[in-house]
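What follows is a set of notes on a single structure, which appears directly below.
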Amino acid sequence: METIRSLKRMQKRAFRHKREGSVIGFVPTMGFLHEGHLSLMKLARKRCDVLVASIFVNPTQFGSNEDLCTYPRDFTRDESFCEKANVDIIFYPEFESMYTDDASVWVNEEALSGGLCGASRPDHFRGVCTVVTKLFNLVQPDLAVFGEKDAQQLRIIERMVRDLDFPVEIVRGSIVREPDGLAMSSRNKYLSATQRKEALCLRRSLDKVVEQFKEGERDATVLRQVVVDLIASVPSAELDYAEVVDDGSLAEVEKIEGDVLMALAVKFGAVRLIDNTILYP
Ligand code: AMP
């Protein structure tokens with residue numbers, strides 16, 4: 001396993017692998033890796049010759065009042081996760097080299113980015129699409145794996161790849177959870193003991209929604225209210241959003257007729273967690 005920090009070196013290396021006919025698999029991350037990231041790497045590993053994982057805490061996807069400075073970082077720990085997943089190259093770009101001071105070109109997705117996380121994080125997906133574009137140009141992947149945990153992000157990346165003709169196959173990786181059901185996240189580390197216990201309300205509310213859905217409930221307002229009520233009953237939790245949206249357009253639905261995404265974001269003090277489930281009628 002090798003770590004590459006220079007943008008130019010990464011791109012040169014990628015082109016060399018392409019010339020040799022190797023399939024490049026790619027897993028972009030912000031580091032502080034966990035089993036969720038590992039599962040994406042394993043998925044990519046099966047389908048490629050050269051596996052690249054990137055670690056970059058992307059400043060352009062954080063709002064000015066968000067946790068860019070305190071986002072957890074531990075490169076040595078990340079290295080051992082990558083070893084376990086048999087990663088060939090860790091692309092760990094030097095922070096200053098990714099954006100010039102006068103960078104002025106952005107990639108903006110305009111249909112799927114406004115709701116859900118985009119409502120409280122206005123420039124977030126512009127930052128995500130821009131950095132993923134840059135990373136794709138640097139790593140030249142044939143396939144890239146993204147997690148279902150960030151369901152909106154995944155769909156926006158799929159749309160970007162479709163609309164801008166990126167020669168990259170996007171592969172979906174399932175959500176990996178702690179044994180008690182909490183979706184793994186680098187940010188879980190910042191939960192207090194009480195918040196950690198109470199954070200189970202995300203999964204519990206989704207389970208309740210699935211239960212009612214299986215019993216035949218198709219009114220999105222009723223299902224959404226299940227989440228709102230459960231989260232309201234948890235002292236340390238503050239609901240950011242709970243939405244039932246069409247799985248393709250991410251538009252809100254009233255009656256569930258096709259596949260929908262039930263997604264929520266909940267704040268525990270400064271820590272914001274997300275989770276989701278897909279409901280298939
Ligand atoms: P992050 O490092 O949080 O930016 O995430 C990097 C990638 O890992 C994204 O594609 C995420 O959707 C994915 N990911 C994060 N947490 C999980 C999880 N618990 N299960 C599966 N994938 C995840």
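Is there a residue being buried (at least 17 other Cβ atoms within 10 Å of the Cβ), modelled with pLDDT of 95 or more and more than 14 Å from the ligand (Cβ to nearest atom) anywhere in region 173-188?
no
Give region 26-38 a look and list any residue that's more than 6 Å from the ligand (Cβ to nearest atom) and not charged (D, E, K, R), or say none.
Correct list: Phe26, Val27, Pro28, Gly31, Phe32, Leu33, His34, Leu38.
Yes or no, residue by residue, for (1) touching a residue at least 12 places away in the same chain (Cβ under 8 Å); (2) acidic (Asp, Glu); (3) touching a helix residue (DSSP H, G or I) at 6+ places or on another chain (Cβ under 9 Å):
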{"site": "Asn108", "(1), (2), (3)": "yes, no, yes"}
{"site": "Asp123", "(1), (2), (3)": "yes, yes, yes"}
{"site": "Asp142", "(1), (2), (3)": "yes, yes, yes"}
{"site": "Gly147", "(1), (2), (3)": "yes, no, yes"}
{"site": "Gln152", "(1), (2), (3)": "yes, no, yes"}
{"site": "Glu158", "(1), (2), (3)": "yes, yes, no"}
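Counting only residues that are farther than 18 Å from Ser186 by Cβ and among the aliphatic types (A, V, I, L, M), which one in region 41-64 is surrounded by the fewest Cβ atoms within 10 Å (Cβ to Cβ)?
Across region 41-64, the extreme among qualifying residues is Leu43.
So, restricting to strands (runs of 3 or more DSSP E) that lie completely within region 208-280, which ones have at least 2 residues that are surrounded by fewer than 19 Cβ atoms within 10 Å (Cβ to Cβ) and free of Cβ contacts under 8 Å to residues at least 24 places away in the same chain?
Strands (runs of 3 or more DSSP E) meeting the threshold: none at all.
Tell me, yes or no, whether region 12-22 has at least one residue that is near the ligand (Cβ under 9 Å from one of its atoms) and modelled with pLDDT of 95 or more.
For region 12-22, residues near the ligand (Cβ under 9 Å from one of its atoms) and modelled with pLDDT of 95 or more: absent.
With the structure loaded, tell me whether Phe213 is among the aromatic types (Phe, Trp, Tyr), out of contact with any His (no Cβ under 6 Å at 6 or more places or on another chain) and over 27 Å from Val27 (Cα atoms) or whether it fails that test.
yes
The values are calculated or read from the model by the stated rules, or taken from the named source; none is laboratory data. Bear in mind the structure is a predicted one, so any value in this text is a computation, not a measurement. So basically every Cβ, Gly included, is an ideal-geometry build from the backbone, and we count neighbours across all protein chains shown.
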